[in-house]
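A.B. asks: Supplied in C-alpha coordinates, the structure appears directly below.
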Amino acid sequence: MSYRPHTTCRICGSTNLIPVFDLGLQPLANNFVKPCEPRQGHYPLKVLFCTKCTLSQLSVVVDPQILYRDYKYVTSVSQTMREHFGRLIAMFKEEKAFEKGVLEIGSNDGAFLRELSPCTVYPVIGIDPAENLAASNCILGMFNRETAWKALEIFAGYPSLIIARHCVAHMDDLKGFVDALTVVGGPNTLIAIEIPYMRDTLNRVEFDQVYHEHLNFISLHSLEHLLHGSPFHIDRVIHYALHGGTVLILLRHGGSQIEPTISEYVREDKTTLEDWRVFSIKAENKIEEMLSAVCSRVGDSSVWGFGASAKASVWIQACGFTDREIYFVTDNSPLKPGCRMPGTDIPVVAQDELLKCQPDYCVLFCWNFRQEVLESQELWRSRGGKFIIPTSTGVEIV
(Lines give C-alpha, C1' and ligand atoms only; values in the text may rest on other atoms or scores of the structure.)
Protein backbone atom coordinates (compact mmCIF):
# COMPACT_ATOMS: atom_id res chain seq x y z
CA MET A 1 0.00 0.00 0.00
CA SER A 2 1.32 3.48 -0.89
CA TYR A 3 0.23 4.96 2.46
CA ARG A 4 -0.93 3.86 5.89
CA PRO A 5 -3.23 5.42 8.50
CA HIS A 6 -1.58 7.05 11.51
CA THR A 7 -3.49 6.49 14.75
CA THR A 8 -0.96 6.67 17.61
CA CYS A 9 0.88 9.82 18.72
CA ARG A 10 4.56 9.75 17.77
CA ILE A 11 5.63 11.30 21.07
CA CYS A 12 3.41 10.05 23.88
CA GLY A 13 1.66 7.03 22.33
CA SER A 14 -1.85 8.38 22.93
CA THR A 15 -4.61 7.21 20.59
CA ASN A 16 -6.79 10.21 21.43
CA LEU A 17 -5.96 12.10 18.23
CA ILE A 18 -8.62 14.64 17.26
CA PRO A 19 -9.10 15.86 13.63
CA VAL A 20 -8.52 19.65 13.54
CA PHE A 21 -7.83 20.60 9.91
CA ASP A 22 -8.75 18.85 6.67
CA LEU A 23 -7.71 19.72 3.11
CA GLY A 24 -9.33 16.60 1.65
CA LEU A 25 -7.60 14.47 -0.97
CA GLN A 26 -4.52 16.14 -2.39
CA PRO A 27 -1.63 15.14 -4.68
CA LEU A 28 1.88 15.03 -3.28
CA ALA A 29 2.99 18.65 -3.20
CA ASN A 30 6.37 17.93 -4.81
CA ASN A 31 5.17 15.41 -7.41
CA PHE A 32 6.25 17.54 -10.37
CA VAL A 33 6.18 15.39 -13.51
CA LYS A 34 6.32 15.98 -17.24
CA PRO A 35 3.13 15.44 -19.28
CA CYS A 36 4.24 11.96 -20.41
CA GLU A 37 5.19 10.75 -16.90
CA PRO A 38 2.87 8.94 -14.44
CA ARG A 39 1.61 10.73 -11.34
CA GLN A 40 1.52 9.37 -7.81
CA GLY A 41 -2.17 9.97 -7.17
CA HIS A 42 -4.03 11.67 -4.32
CA TYR A 43 -3.87 11.05 -0.56
CA PRO A 44 -5.83 12.28 2.49
CA LEU A 45 -4.40 15.50 3.94
CA LYS A 46 -5.75 15.88 7.46
CA VAL A 47 -4.16 17.13 10.70
CA LEU A 48 -4.77 15.31 13.99
CA PHE A 49 -4.12 16.86 17.40
CA CYS A 50 -2.87 14.96 20.44
CA THR A 51 -4.59 16.32 23.55
CA LYS A 52 -1.96 14.75 25.81
CA CYS A 53 1.36 16.13 24.50
CA THR A 54 -0.05 18.69 21.97
CA LEU A 55 1.79 17.26 18.95
CA SER A 56 -0.08 17.94 15.69
CA GLN A 57 0.41 15.23 13.06
CA LEU A 58 -0.96 14.03 9.73
CA SER A 59 -3.54 11.26 9.63
CA VAL A 60 -1.63 9.21 7.02
CA VAL A 61 1.99 8.35 6.24
CA VAL A 62 2.91 8.11 2.57
CA ASP A 63 5.61 5.58 1.67
CA PRO A 64 8.95 7.49 1.89
CA GLN A 65 10.13 5.76 -1.30
CA ILE A 66 7.28 7.45 -3.14
CA LEU A 67 7.97 10.83 -1.52
CA TYR A 68 11.74 11.02 -1.80
CA ARG A 69 13.00 8.68 -4.52
CA ASP A 70 12.82 11.43 -7.18
CA TYR A 71 12.51 14.53 -5.03
CA LYS A 72 12.05 17.87 -6.80
CA TYR A 73 12.59 20.18 -3.82
CA VAL A 74 16.07 21.68 -3.54
CA THR A 75 17.36 24.07 -0.88
CA SER A 76 16.81 27.67 -1.90
CA VAL A 77 19.92 29.63 -2.83
CA SER A 78 18.10 32.98 -2.76
CA GLN A 79 19.68 36.03 -1.20
CA THR A 80 17.36 35.59 1.78
CA MET A 81 18.67 32.08 2.39
CA ARG A 82 22.30 33.06 1.86
CA GLU A 83 21.91 35.74 4.51
CA HIS A 84 20.28 33.21 6.85
CA PHE A 85 23.10 30.72 6.28
CA GLY A 86 25.55 33.50 7.15
CA ARG A 87 23.73 34.25 10.43
CA LEU A 88 23.74 30.57 11.37
CA ILE A 89 27.43 30.12 10.61
CA ALA A 90 28.35 33.25 12.60
CA MET A 91 26.36 31.93 15.57
CA PHE A 92 27.95 28.46 15.31
CA LYS A 93 31.40 30.08 15.31
CA GLU A 94 30.51 31.96 18.51
CA GLU A 95 29.46 28.62 20.03
CA LYS A 96 32.83 27.10 18.94
CA ALA A 97 30.89 24.41 17.08
CA PHE A 98 33.44 23.87 14.28
CA GLU A 99 36.20 22.36 16.43
CA LYS A 100 35.42 18.87 15.13
CA GLY A 101 33.22 17.34 12.44
CA VAL A 102 29.82 18.65 11.30
CA LEU A 103 26.78 16.51 10.47
CA GLU A 104 23.72 17.86 8.68
CA ILE A 105 20.57 15.75 8.87
CA GLY A 106 18.34 16.29 5.84
CA SER A 107 21.13 17.82 3.75
CA ASN A 108 19.09 17.79 0.51
CA ASP A 109 21.35 18.78 -2.43
CA GLY A 110 24.19 19.85 -0.12
CA ALA A 111 23.69 23.64 -0.40
CA PHE A 112 24.31 24.26 3.30
CA LEU A 113 27.07 21.63 3.44
CA ARG A 114 28.96 23.67 0.84
CA GLU A 115 28.67 26.76 3.06
CA LEU A 116 29.83 24.82 6.12
CA SER A 117 32.81 23.03 4.58
CA PRO A 118 35.23 26.03 4.64
CA CYS A 119 34.51 26.52 8.37
CA THR A 120 36.43 23.47 9.58
CA VAL A 121 39.28 21.14 8.61
CA TYR A 122 37.25 18.20 9.92
CA PRO A 123 34.71 16.15 7.90
CA VAL A 124 31.43 17.83 6.95
CA ILE A 125 28.86 15.24 5.91
CA GLY A 126 25.12 14.96 5.38
CA ILE A 127 22.39 12.34 5.69
CA ASP A 128 19.48 12.45 3.23
CA PRO A 129 17.06 9.96 1.58
CA ALA A 130 16.70 11.75 -1.81
CA GLU A 131 18.59 9.54 -4.28
CA ASN A 132 18.51 12.11 -7.09
CA LEU A 133 19.84 14.98 -4.96
CA ALA A 134 22.35 13.52 -2.50
CA ALA A 135 25.76 15.22 -2.50
CA SER A 136 28.98 13.18 -2.68
CA ASN A 137 29.65 13.78 1.03
CA CYS A 138 26.21 12.46 1.99
CA ILE A 139 25.10 9.18 3.58
CA LEU A 140 22.02 8.05 1.62
CA GLY A 141 19.05 7.17 3.81
CA MET A 142 16.79 8.35 6.60
CA PHE A 143 18.39 9.47 9.86
CA ASN A 144 18.28 6.52 12.26
CA ARG A 145 20.64 4.45 14.40
CA GLU A 146 22.15 2.78 11.35
CA THR A 147 23.03 5.99 9.51
CA ALA A 148 24.09 7.60 12.81
CA TRP A 149 26.63 4.80 13.33
CA LYS A 150 27.90 5.28 9.77
CA ALA A 151 28.44 8.97 10.49
CA LEU A 152 30.22 8.16 13.75
CA GLU A 153 32.63 5.89 11.88
CA ILE A 154 33.44 8.63 9.36
CA PHE A 155 34.11 11.15 12.12
CA ALA A 156 36.06 8.59 14.19
CA GLY A 157 34.42 10.19 17.20
CA TYR A 158 31.61 12.59 18.02
CA PRO A 159 31.06 15.64 15.79
CA SER A 160 31.06 19.05 17.43
CA LEU A 161 27.89 20.12 15.58
CA ILE A 162 24.73 18.37 14.37
CA ILE A 163 22.26 20.38 12.30
CA ALA A 164 18.68 19.41 11.43
CA ARG A 165 17.07 22.22 9.43
CA HIS A 166 13.36 21.84 8.63
CA CYS A 167 13.54 18.05 8.44
CA VAL A 168 12.16 16.89 11.81
CA ALA A 169 8.67 17.61 10.48
CA HIS A 170 9.31 14.87 7.89
CA MET A 171 10.13 12.13 10.41
CA ASP A 172 7.74 9.29 11.10
CA ASP A 173 9.76 8.00 14.06
CA LEU A 174 10.41 10.95 16.37
CA LYS A 175 11.58 8.80 19.27
CA GLY A 176 13.92 7.06 16.85
CA PHE A 177 15.26 10.48 15.86
CA VAL A 178 16.17 11.29 19.48
CA ASP A 179 17.58 7.78 19.91
CA ALA A 180 19.82 8.24 16.86
CA LEU A 181 20.98 11.59 18.25
CA THR A 182 22.18 9.78 21.37
CA VAL A 183 24.36 7.59 19.11
CA VAL A 184 26.14 10.37 17.22
CA GLY A 185 25.78 13.29 19.65
CA GLY A 186 28.47 13.32 22.32
CA PRO A 187 28.68 15.20 25.64
CA ASN A 188 30.13 18.28 23.93
CA THR A 189 28.11 18.16 20.70
CA LEU A 190 25.88 21.13 19.90
CA ILE A 191 22.61 20.05 18.26
CA ALA A 192 20.78 22.72 16.25
CA ILE A 193 17.20 21.96 15.21
CA GLU A 194 15.34 24.42 13.00
CA ILE A 195 11.55 24.10 12.78
CA PRO A 196 8.56 26.31 11.93
CA TYR A 197 7.42 28.24 14.99
CA MET A 198 3.94 26.85 15.58
CA ARG A 199 2.73 30.04 17.25
CA ASP A 200 3.52 31.94 14.02
CA THR A 201 2.11 29.20 11.79
CA LEU A 202 -1.23 29.31 13.59
CA ASN A 203 -1.46 33.07 14.15
CA ARG A 204 -0.54 33.85 10.55
CA VAL A 205 -2.80 31.08 9.19
CA GLU A 206 0.01 29.49 7.16
CA PHE A 207 -2.09 26.52 6.07
CA ASP A 208 0.12 26.00 3.01
CA GLN A 209 2.69 24.46 5.40
CA VAL A 210 0.38 21.42 5.53
CA TYR A 211 1.43 18.83 2.95
CA HIS A 212 2.32 15.15 2.94
CA GLU A 213 6.05 15.48 3.67
CA HIS A 214 5.21 17.42 6.85
CA LEU A 215 4.11 14.58 9.09
CA ASN A 216 4.55 16.62 12.29
CA PHE A 217 3.83 20.17 13.42
CA ILE A 218 6.03 20.42 16.48
CA SER A 219 5.54 23.07 19.12
CA LEU A 220 8.21 23.77 21.72
CA HIS A 221 5.82 22.32 24.30
CA SER A 222 5.57 19.02 22.40
CA LEU A 223 9.35 19.04 21.84
CA GLU A 224 9.88 19.12 25.59
CA HIS A 225 7.70 16.01 25.84
CA LEU A 226 9.83 14.35 23.14
CA LEU A 227 13.11 15.14 24.93
CA HIS A 228 11.85 13.93 28.32
CA GLY A 229 14.06 11.06 29.50
CA SER A 230 16.75 11.79 26.91
CA PRO A 231 20.20 13.19 27.75
CA PHE A 232 19.37 16.44 25.93
CA HIS A 233 17.89 19.70 27.14
CA ILE A 234 16.93 22.93 25.39
CA ASP A 235 19.82 25.35 25.87
CA ARG A 236 18.69 28.27 23.68
CA VAL A 237 15.80 29.28 21.43
CA ILE A 238 16.34 31.79 18.62
CA HIS A 239 13.35 33.19 16.71
CA TYR A 240 13.72 34.18 13.04
CA ALA A 241 11.24 35.71 10.59
CA LEU A 242 12.37 33.20 7.92
CA HIS A 243 9.63 31.18 6.17
CA GLY A 244 6.86 33.00 8.01
CA GLY A 245 8.33 32.26 11.45
CA THR A 246 11.11 29.84 12.40
CA VAL A 247 12.83 28.86 15.62
CA LEU A 248 16.35 27.48 15.95
CA ILE A 249 16.53 25.27 19.03
CA LEU A 250 19.96 24.49 20.46
CA LEU A 251 20.22 21.26 22.44
CA ARG A 252 23.05 20.19 24.72
CA HIS A 253 23.80 17.22 26.92
CA GLY A 254 22.97 17.24 30.60
CA GLY A 255 21.53 19.97 32.76
CA SER A 256 17.94 20.50 33.74
CA GLN A 257 17.77 24.18 34.64
CA ILE A 258 15.41 25.92 32.22
CA GLU A 259 16.19 29.53 31.45
CA PRO A 260 13.24 31.94 31.99
CA THR A 261 13.31 33.02 28.34
CA ILE A 262 13.05 29.38 27.22
CA SER A 263 10.18 28.74 29.62
CA GLU A 264 8.38 31.73 28.12
CA TYR A 265 8.84 30.39 24.58
CA VAL A 266 7.55 26.97 25.64
CA ARG A 267 4.55 28.50 27.42
CA GLU A 268 3.68 30.69 24.42
CA ASP A 269 4.10 27.77 22.01
CA LYS A 270 1.61 25.38 23.62
CA THR A 271 -0.95 24.58 20.92
CA THR A 272 -4.61 24.02 21.85
CA LEU A 273 -7.73 22.70 20.15
CA GLU A 274 -9.12 26.23 20.13
CA ASP A 275 -6.03 27.45 18.25
CA TRP A 276 -6.71 24.91 15.52
CA ARG A 277 -10.45 25.70 15.43
CA VAL A 278 -9.73 29.39 14.81
CA PHE A 279 -6.99 28.51 12.32
CA SER A 280 -9.36 26.30 10.32
CA ILE A 281 -12.01 29.02 10.04
CA LYS A 282 -9.47 31.67 9.02
CA ALA A 283 -7.90 29.31 6.47
CA GLU A 284 -11.28 28.83 4.79
CA ASN A 285 -11.68 32.61 4.63
CA LYS A 286 -8.21 33.04 3.09
CA ILE A 287 -9.00 30.43 0.45
CA GLU A 288 -12.26 32.21 -0.42
CA GLU A 289 -10.43 35.55 -0.71
CA MET A 290 -7.82 34.05 -3.02
CA LEU A 291 -10.53 32.45 -5.17
CA SER A 292 -12.26 35.79 -5.48
CA ALA A 293 -9.04 37.69 -6.20
CA VAL A 294 -8.04 35.33 -9.03
CA CYS A 295 -11.40 34.40 -10.55
CA SER A 296 -12.62 38.01 -10.68
CA ARG A 297 -9.66 38.80 -12.95
CA VAL A 298 -9.86 35.78 -15.25
CA GLY A 299 -11.06 36.72 -18.72
CA ASP A 300 -10.14 40.40 -18.62
CA SER A 301 -6.60 39.73 -17.39
CA SER A 302 -3.99 36.98 -17.45
CA VAL A 303 -3.01 35.43 -14.11
CA TRP A 304 0.15 33.40 -13.50
CA GLY A 305 1.79 32.00 -10.38
CA PHE A 306 5.26 32.82 -9.05
CA GLY A 307 7.21 30.04 -7.31
CA ALA A 308 6.36 26.39 -8.05
CA SER A 309 6.76 25.40 -4.42
CA ALA A 310 4.90 22.92 -2.24
CA LYS A 311 3.05 25.97 -0.91
CA ALA A 312 1.88 26.69 -4.47
CA SER A 313 0.59 23.15 -4.84
CA VAL A 314 -1.41 23.38 -1.59
CA TRP A 315 -2.91 26.74 -2.60
CA ILE A 316 -3.83 25.57 -6.09
CA GLN A 317 -5.50 22.41 -4.79
CA ALA A 318 -7.31 24.20 -1.96
CA CYS A 319 -8.72 26.74 -4.43
CA GLY A 320 -9.36 24.20 -7.19
CA PHE A 321 -7.38 26.24 -9.73
CA THR A 322 -6.76 24.82 -13.20
CA ASP A 323 -4.95 26.15 -16.24
CA ARG A 324 -8.11 28.13 -17.03
CA GLU A 325 -7.51 30.35 -13.98
CA ILE A 326 -3.71 30.23 -13.66
CA TYR A 327 -2.02 29.88 -17.03
CA PHE A 328 1.55 29.17 -15.88
CA VAL A 329 3.65 29.03 -12.72
CA THR A 330 7.22 30.32 -12.94
CA ASP A 331 10.17 28.83 -11.06
CA ASN A 332 13.95 29.26 -11.02
CA SER A 333 14.67 25.61 -10.14
CA PRO A 334 16.40 23.57 -12.87
CA LEU A 335 14.18 20.57 -12.02
CA LYS A 336 10.64 21.95 -12.42
CA PRO A 337 10.24 23.89 -15.72
CA GLY A 338 8.64 21.60 -18.30
CA CYS A 339 6.66 19.82 -15.58
CA ARG A 340 3.04 20.29 -14.53
CA MET A 341 1.92 21.52 -11.13
CA PRO A 342 0.97 18.45 -9.05
CA GLY A 343 -2.54 17.21 -9.80
CA THR A 344 -3.16 19.82 -12.54
CA ASP A 345 -2.35 20.69 -16.15
CA ILE A 346 -0.81 24.04 -15.15
CA PRO A 347 2.67 24.18 -16.77
CA VAL A 348 5.75 25.24 -14.86
CA VAL A 349 8.00 27.58 -16.86
CA ALA A 350 11.34 29.26 -16.25
CA GLN A 351 11.23 32.47 -14.25
CA ASP A 352 12.44 34.66 -17.12
CA GLU A 353 9.20 33.88 -19.02
CA LEU A 354 7.48 36.40 -16.75
CA LEU A 355 9.19 39.34 -18.47
CA LYS A 356 8.85 37.81 -21.93
CA CYS A 357 5.07 37.34 -21.66
CA GLN A 358 4.22 40.11 -19.18
CA PRO A 359 1.05 38.67 -17.58
CA ASP A 360 -1.17 41.17 -15.76
CA TYR A 361 -1.13 39.41 -12.39
CA CYS A 362 0.98 36.84 -10.62
CA VAL A 363 0.05 34.97 -7.42
CA LEU A 364 3.09 35.11 -5.15
CA PHE A 365 2.99 31.55 -3.83
CA CYS A 366 6.47 31.92 -2.32
CA TRP A 367 5.22 34.70 -0.04
CA ASN A 368 7.97 33.83 2.44
CA PHE A 369 10.44 35.54 0.04
CA ARG A 370 8.13 38.52 -0.51
CA GLN A 371 10.56 41.43 -0.23
CA GLU A 372 13.27 39.75 -2.28
CA VAL A 373 10.80 38.87 -5.06
CA LEU A 374 9.28 42.37 -5.14
CA GLU A 375 12.74 43.86 -5.59
CA SER A 376 13.93 41.31 -8.17
CA GLN A 377 10.75 41.70 -10.28
CA GLU A 378 10.72 45.50 -10.28
CA LEU A 379 10.95 45.67 -14.10
CA TRP A 380 7.88 43.44 -14.55
CA ARG A 381 6.03 45.52 -11.97
CA SER A 382 7.07 48.81 -13.62
CA ARG A 383 5.42 47.55 -16.83
CA GLY A 384 2.11 47.12 -15.00
CA GLY A 385 2.42 43.66 -13.47
CA LYS A 386 0.85 43.18 -10.05
CA PHE A 387 1.33 40.48 -7.43
CA ILE A 388 -1.56 38.81 -5.61
CA ILE A 389 0.00 37.98 -2.24
CA PRO A 390 -1.37 35.75 0.55
CA THR A 391 -1.02 37.48 3.92
CA SER A 392 -1.85 36.62 7.52
CA THR A 393 -5.23 38.32 7.16
CA GLY A 394 -6.18 37.51 3.57
CA VAL A 395 -4.94 38.67 0.16
CA GLU A 396 -3.06 41.82 -0.85
CA ILE A 397 -2.59 43.25 -4.37
CA VAL A 398 0.81 44.91 -4.82
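A.B. asks: Give the residue that is farthest from Lys175 (Cα to Cα), with candidates limited to residues of the range 120-159 that are of a type in the set (Val, Ile, Thr) and in contact (Cβ under 8 Å) with a residue 12 or more places away in the chain. Step through it out loud before you land on a result.
C.D. replies: Filtering the range 120-159 down to residues of a type in the set (Val, Ile, Thr) leaves 120-121, 124-125, 127, 139, 147, 154.
Retained after the next criterion (residues that are in contact (Cβ under 8 Å) with a residue 12 or more places away in the chain): 120, 124-125, 127, 139, 147, 154.
Working: Thr120: 30, Val124: 25, Ile125: 23, Ile127: 18, Ile139: 21, Thr147: 15, Ile154: 24 Å.
Across the range 120-159, the extreme among qualifying residues is Thr120.
A.B. asks: Return the pair list, or none, for Cβ contacts closer than 8 Å from residues in the range 62-78 that are assigned to a helix (DSSP H, G or I) to residues that are open to solvent by less than 20 Å² (accessible area, probe 1.4 Å) and at pLDDT 80 or above, at least 6 apart or on different chains.
C.D. replies: Ile66/Leu28; Leu67/Leu28; Leu67/Asn30; Leu67/His212; Leu67/Glu213; Tyr68/Ala130
A.B. asks: Moving on to the next point. So for the range 269-277 (the condition being surrounded by fewer than 22 Cβ atoms within 10 Å (Cβ to Cβ) and at pLDDT below 95), does at least one residue qualify? Quick ask: steps written out before the conclusion?
C.D. replies: Pass one, the range 269-277, residues surrounded by fewer than 22 Cβ atoms within 10 Å (Cβ to Cβ): 270, 272-277.
Checking the rest, the ones that are also at pLDDT below 95 come to 270.
Among the residues of the range 269-277, at least one is surrounded by fewer than 22 Cβ atoms within 10 Å (Cβ to Cβ) and at pLDDT below 95, which makes the answer yes.
A.B. asks: Still on this structure, I have one more. Consider the range 42-66. How many of its residues are more than 20 Å from Pro129 (Cβ to Cβ) and of a type outside the set (Ser, Thr, Tyr)?
C.D. replies: Residues flagged as more than 20 Å from Pro129 (Cβ to Cβ) and of a type outside the set (Ser, Thr, Tyr) within the range 42-66 amount to 11.
A.B. asks: Moving to a separate point now. Just name the residue that is most open to solvent (accessible area, probe 1.4 Å) out of those in the range 1-44 that are assigned to a strand (DSSP E or B) and either β-branched (Val, Ile, Thr) or under 28 Å from Asp179 (Cα atoms) (or both). Step through it out loud before you land on a result.
C.D. replies: Residues of the range 1-44 that are assigned to a strand (DSSP E or B), as a first pass: 3-5, 17-27, 33, 42-44.
Of the ones still in play, those that are also either β-branched (Val, Ile, Thr) or under 28 Å from Asp179 (Cα atoms) (or both) are 3-5, 17-18, 20, 33.
Numbers: Tyr3: 64, Arg4: 103, Pro5: 86, Leu17: 26, Ile18: 55, Val20: 22, Val33: 13 Å².
Among them, the one singled out is Arg4.
A.B. asks: Can you name the number of the only condition in (1) within 28 Å of Trp276 (Cβ to Cβ); (2) touching a His at 6+ places or on another chain (Cβ under 6 Å) that Met198 fails?
C.D. replies: Here Met198 clears every test but (2).
A.B. asks: Right, something else. Which condition from (1) modelled with pLDDT under 95; (2) within 25 Å of Leu140 (Cα to Cα) is the one that Glu104 breaks?
C.D. replies: Result: Glu104 passes all but (1).
A.B. asks: Which of the residues belonging to the range 308-334 are closer than 15 Å to Ile389 by Cβ, open to solvent by 10 Å² or more (accessible area, probe 1.4 Å) and touching a residue at least 40 places away in the same chain (Cβ under 8 Å)?
C.D. replies: Ser309, Lys311
A.B. asks: I'd like the full set of residues that are open to solvent by less than 20 Å² (accessible area, probe 1.4 Å) and farther than 20 Å from Ile66 by Cα, limited to the range 121-146.
C.D. replies: Hits for the range 121-146 are Val124, Ile125, Gly126.
A.B. asks: Next up: Have a look at Glu83, Glu99, Glu115, Glu104 and point out the one that is in a strand (DSSP E or B), charged (D, E, K, R) and either open to solvent by less than 10 Å² (accessible area, probe 1.4 Å) or within 28 Å of Tyr240 (Cβ to Cβ) (or both).
C.D. replies: Numbers: Glu83 fails: in a strand (DSSP E or B); Glu99 fails: in a strand (DSSP E or B); Glu115 fails: in a strand (DSSP E or B).
Going through Glu83, Glu99, Glu115, Glu104 in turn, just one is in a strand (DSSP E or B), charged (D, E, K, R) and either open to solvent by less than 10 Å² (accessible area, probe 1.4 Å) or within 28 Å of Tyr240 (Cβ to Cβ) (or both): Glu104.
A.B. asks: Quick one: in the range 297-313, which of the residues that are more than 23 Å from the chain's Cα centre (by Cα) and of a type in the set (D, E, K, R) is farthest from Ile326 (Cα to Cα)? If you could, list the steps in order and put the result at the bottom.
C.D. replies: The first filter runs over the range 297-313 and keeps only residues more than 23 Å from the chain's Cα centre (by Cα), leaving 297-304.
When the remaining residues are screened for being of a type in the set (D, E, K, R), the result is 297, 300.
On the way: Arg297: 10, Asp300: 13 Å.
Applying the filter and picking the extreme gives Asp300.
A.B. asks: Could you count how many residues in the range 298-332 are at pLDDT 95 or above and assigned to a loop (DSSP other than H, G, I, E, B)?
C.D. replies: Residues meeting the conditions: 12.
A.B. asks: Quick check on the range 371-391: of everything there that is over 27 Å from the mean Cα position of the chain (by Cα) and in a helix (DSSP H, G or I), which residue is surrounded by the most Cβ atoms within 10 Å (Cβ to Cβ)?
C.D. replies: Looking at the filtered set, the residue picked out is Trp380.
The values are calculated or read from the model by the stated rules, or taken from the named source; none is laboratory data. Just so you know, these numbers come straight off a predicted model, no measurement behind them. Here Cβ is always computed from backbone atoms with ideal geometry, including for glycine, and neighbour counts include all displayed protein chains. What goes into the accessible areas is simple: the full protein's heavy atoms, side chains included, and nothing from ligands, DNA or RNA. Shrake-Rupley method; radii C 1.70, N 1.55, O 1.52, S 1.80 Å.
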